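Take a look at the structure set out below.
A short reminder: the numbers here are calculations on the coordinates, not readings from a lab. Note that this is a predicted model, so its numbers are computed, not measured. Because the Cβ atoms are built from the backbone with ideal geometry, glycine has one as well, and the counts that use them run over all protein chains shown.
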Amino acid sequence: MAYPSPSTVNATKGLGEIGSYVNEVTNNWFANMFLISIWVIVLFGYYKSKDDFAGALAVSGYTTFVIGLLFWIGGWVNGWAFGIVVAMAIIGTVVLLLDNK
């Protein structure tokens, strides 16, 4: 499969064009790895600041859900990846509701 040349990207339209090109070349792995990194960064950042793992799971799940929804609407992630994002948000909510603190 031949990918378009990087010189065909019109970078004057913004980072979205560059992101679309990188996502196309990597077969959607760029967006998937971006979602995973956002989830991990928010999870550890919230956990280190508040020392509440259940809250950290919920907040990171919600944050990743919002970004994943935008990516899914924009066509950057497929249904499987968005399903995993929804599952992470649901798991975070269940853990938060079952927490006895």
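For region 49-70, filtered to residues that are without any contact (Cβ under 8 Å) to a residue 12 or more places away in the chain and closer than 19 Å to G19 by Cα, the residue that is surrounded by the most Cβ atoms within 10 Å (Cβ to Cβ) is V66.
For region 76-101, taking the residues that are under 20 Å from the mean Cα position of the chain (by Cα), free of Cβ contacts under 8 Å to residues at least 24 places away in the same chain and over 13 Å from Y62 (Cα atoms), the one that is surrounded by the fewest Cβ atoms within 10 Å (Cβ to Cβ) is identified as G79. With respect to the conditions (1) surrounded by 13 or more Cβ atoms within 10 Å (Cβ to Cβ); (2) closer than 30 Å to L15 by Cα, I73 falls short on a single one, namely (1). Restricting to region 19-37, and then to whatever is of a type in the set (G, A, S) and more than 8 Å from the chain's Cα centre (by Cα), can you tell me which residue is nearest to G79 (Cα to Cα)? It comes out as S20.
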